[in-house]
Amino acid sequence: FVDVDRVATRDEVAQLTHDFDLMADRIGSAQSALERKVADRTKALGRANMELKLIATRDPLTGIPGRRHLASEIDARLAVLGGEGHYLLVFDVDHLQRVNAVHGDETGDRALINIANGIAALLRDGDLCGRIGGAEFAAFVRADSEAEAMNVAERVRTGLYGLETPGRYGEMIRVTVSAGVTGAVAGDRFEAMLVRADAALQEAKRGGRDRAAWHRAGGRRQDVAAHTG
C-alpha cells in the first residue's frame, strides 16, 4: 500500500534539488568569504608582528638598532666567533645639550638622526651599529689590529664633519663626536666591552673632545692613547 499524498512529484523533487544546490552555493560562498577573511587577518597579524619586531629592535628616533638588540647581536657573535679581531667603538655627540638649548630639541633630534645615518653609512659591510642611549652610539667591527680599529673610528669621526643640520634660525649647524675604542678578549660580552670603551670615551672628552681614544683591555691598569684629528 502506497500513500499517494506522501509521494513527491517531479516538480517537488526539482524544487528540492534546486533548494539544495542554492544552499550548497551559499555555504560555499560563505566558506570562501570566511577563508578570505582569515587570510586577510593572518596577513594583518603578520604585518603587525613585523612592526612590533621593528619597534622592539629599532631605536624609535633614528631607526637603527637599539641597545638591547645590538647587545644581543654582539653577544651572539662573540659566543660563536670569539673575541680575537673584534672591537667595540663608542661615539658620543659633543655638546648636544648646547644645540638643544640654542636651537631646540627638534633640531637636536634631527642632528641625532643625521649622525646615526652617517655612522651606518661610514661603516663596512658586516659591521654592526646602534644607538645605545641619549647621544651615544656604538659600533662592533672586525679588524686585524688595534691600529686598524682606530682607523675605522677615525674614518667615522672625521666623516661626520660634513653633516649639516638646519638650525632654528635657518643657519646650518655641525656637530662633532668623541670616540672610545676597545678590543674584545676571550669570554667577553657587550656590557664588559662597553665599560672599557666608555672609559676611553671619557678620556677623549677630558682631552678636549672631537677625538678618539683607545682603551687597552686585558689588564688592571688602564692604558689610554688619544688620537686627534
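Tabulated values for the structure
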quantity: Heavy-atom SASA rank of 161, 169 (probe 1.4 Å, accessible area, largest first); calculated: 169, 161
quantity: Spatial separation of Cα centroids for the range 63-134 and the range 151-184, in angstrom; calculated: 12
quantity: Net charge contributed by nearby residues that have their C-beta within less than 10 Å of residue 66 (K/R +1, D/E -1); calculated: +3
quantity: Virtual spin-label span in nm between residue 40 and residue 19, 7 Å along Cα→Cβ; calculated: 3.3
quantity: Surface accessible to a 1.4 Å probe, residue 29 within the full protein complex, Å²; calculated: 70
quantity: Potential extension, residue 31-residue 164 segment - 0.36 nm per residue separation minus Cα distance; calculated: 42.1 nm
quantity: Heavy-atom SASA rank of 18, 86, 95 (probe 1.4 Å, accessible area, largest first); calculated: 18, 95, 86
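The values are calculated or read from the model by the stated rules, or taken from the named source; none is laboratory data. Not measured: the values here are computed from a predicted model. Here the Cβ is made from the backbone with ideal geometry for all residues, glycine too, and neighbour counts use every protein chain on show. Side chains included, ligands, DNA and RNA excluded: accessible areas come from the protein's heavy atoms. Shrake-Rupley method; radii C 1.70, N 1.55, O 1.52, S 1.80 Å.
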